[in-house]
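Step one of this worksheet: look at the structure below.
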Amino acid sequence: MAVRSMTAYATTSVDTVAGTLTIELKSVNSRFLDLQFRMNDEFRAYEPFFRETIMQGVKRGKVECRLSFARGEQNASVLSLNHSLFLELSRLQYEIRQRDPQAQAMTVNELLRWPGMIEEAAPDQETLQQQVRQAMIDTLDTFTAEREREGAALTEALVERVVAMQQIVGKIEPLIPQMVEQFKQKAIERMQEALGVALSDSVPVTMTQQEASERIRQEVTLYGMRIDVAEELSRLKIHLDETKAILEKGGLVGKRMDFMLQELNREANTLGSKAAIRELSDASMELKLLIEQIREQVQNLE
């Protein structure tokens, strides 16, 4: 199943037995599925079918369905005389004039204005129903295709950013062991230098220089473990692989992508907090920038 965008627009106009029917579908982002219908009362009977049809193809988004109807000349109403009512009025008029010869006969205008005398030929309802339903299906097909086209473009852009993040991780990963070792060595040299000054002082000390050096080495090793980001980079690689797999698999990816972005952002923040070299700090900032760019686009995905 293709990745679909939540924003799309589609319209269909068809000539029916009753006139020209136009159906519009448009949608914007929403956390849930929100359906709204704009139609004349004469089409309200179709709303359950429209609702069911849309729900089969749309899972998230605020969707507005609008129906408009125009009666053309070719669909002009065909008027006919209500013969049974005309005969009944004629019979009653005859009886009245039999009793009262002075009574005036009804004029043609009065007869035509009598309620129910003129009938409007109704279109075939079964044919009209089939045409309206097919128009809804055709509109939804166009609407879905538009959402899939936009979703494909968004997916391509998102995958590019994920690949860019993988490249960043790939560049800084080889630097980590060297970074930790260099940090340890510099820290030991500085602390030993400071220790040498302290031991040369006349103030009595409680440990030998050898004991102090060993203690320094232990503390530096512990701190070096705290700034080692190998574990964070490992989790970043796993999360990025999973994010790419979600996008390539397709379907309803919006909520899953929201979760993966939370995990990626957590690791990028930890990476920045442990940054002991400029390359690591820059990588953290670049990762967070790409994550935010992905987050903005994911808001459009179903």
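The values are calculated or read from the model by the stated rules, or taken from the named source; none is laboratory data. Keep in mind that what you see is a predicted model, and the values were worked out from it rather than measured. Note that each Cβ is placed from the backbone with ideal geometry, even for glycine, and that neighbours are counted across all protein chains shown. The accessibility values were calculated without ligands, DNA or RNA, using every heavy atom of the protein model including side chains. Shrake-Rupley method; radii C 1.70, N 1.55, O 1.52, S 1.80 Å.
Here are the numbers:
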| quantity | calculated |
| --- | --- |
| The one condition in (1) open to solvent by less than 50 Å² (accessible area, probe 1.4 Å); (2) over 17 Å from Ser234 (Cβ atoms); (3) touching a residue at least 40 places away in the same chain (Cβ under 8 Å) that Leu261 fails to fulfil | (3) |
| Of residues in the stretch 82-139 being in contact (Cβ under 8 Å) with a residue 40 or more places away in the chain and of a type in the set (Val, Ile, Thr), the one farthest from Thr53 (Cα to Cα) | Thr127 |
| Filtered residue count, the stretch 1-21, keeping only those that are open to solvent by less than 30 Å² (accessible area, probe 1.4 Å) and either of a type in the set (Val, Ile, Thr) or part of a loop (DSSP other than H, G, I, E, B) (or both) | 6 |
| Count of residues meeting criterion [within 13 Å of Trp114 (Cα to Cα) and open to solvent by less than 60 Å² (accessible area, probe 1.4 Å)] in the stretch 82-97 | 4 |
| Condition met for Gln182 (assigned to a helix (DSSP H, G or I), modelled with pLDDT of 85 or more and either open to solvent by 70 Å² or more (accessible area, probe 1.4 Å) or in contact with a helix residue (DSSP H, G or I) (Cβ under 8 Å, 6 or more places away or on another chain) (or both)) | no |
| Criterion (among the small types (Gly, Ala, Ser), modelled with pLDDT of 85 or more and either within 30 Å of Leu290 (Cβ to Cβ) or surrounded by fewer than 14 Cβ atoms within 10 Å (Cβ to Cβ) (or both)) met by exactly one of Ala164, Ala135, Ala105 | Ala164 |
| Residue count for the stretch 27-63, restricted to those that are under 17 Å from the mean Cα position of the chain (by Cα) and surrounded by 17 or more Cβ atoms within 10 Å (Cβ to Cβ) | 7 |
| Qualifying positions in the stretch 25-48 - within 16 Å of Ala8 (Cβ to Cβ) and not charged (D, E, K, R) | Leu25, Ser27, Val28, Asn29, Ser30, Leu33, Leu35, Gln36 |
| Residues of the stretch 267-301 classified as at pLDDT below 90 and not in a helix (DSSP H, G or I), total | 4 |
| Members of the stretch 264-302 that are over 23 Å from Ala153 (Cβ atoms), among the charged types (D, E, K, R) and open to solvent by less than 40 Å² (accessible area, probe 1.4 Å) | Glu267 |
| Count of residues meeting criterion [modelled with pLDDT under 90, within 22 Å of Ser13 (Cα to Cα) and polar (S, T, N, Q)] in the stretch 49-102 | 3 |
| Verdict on Arg4 being at pLDDT below 95, of a type in the set (Lys, Arg), more than 17 Å from Glu146 (Cβ to Cβ) and out of contact with any Phe, Trp or Tyr (no Cβ under 8 Å at 6 or more places or on another chain) | no |
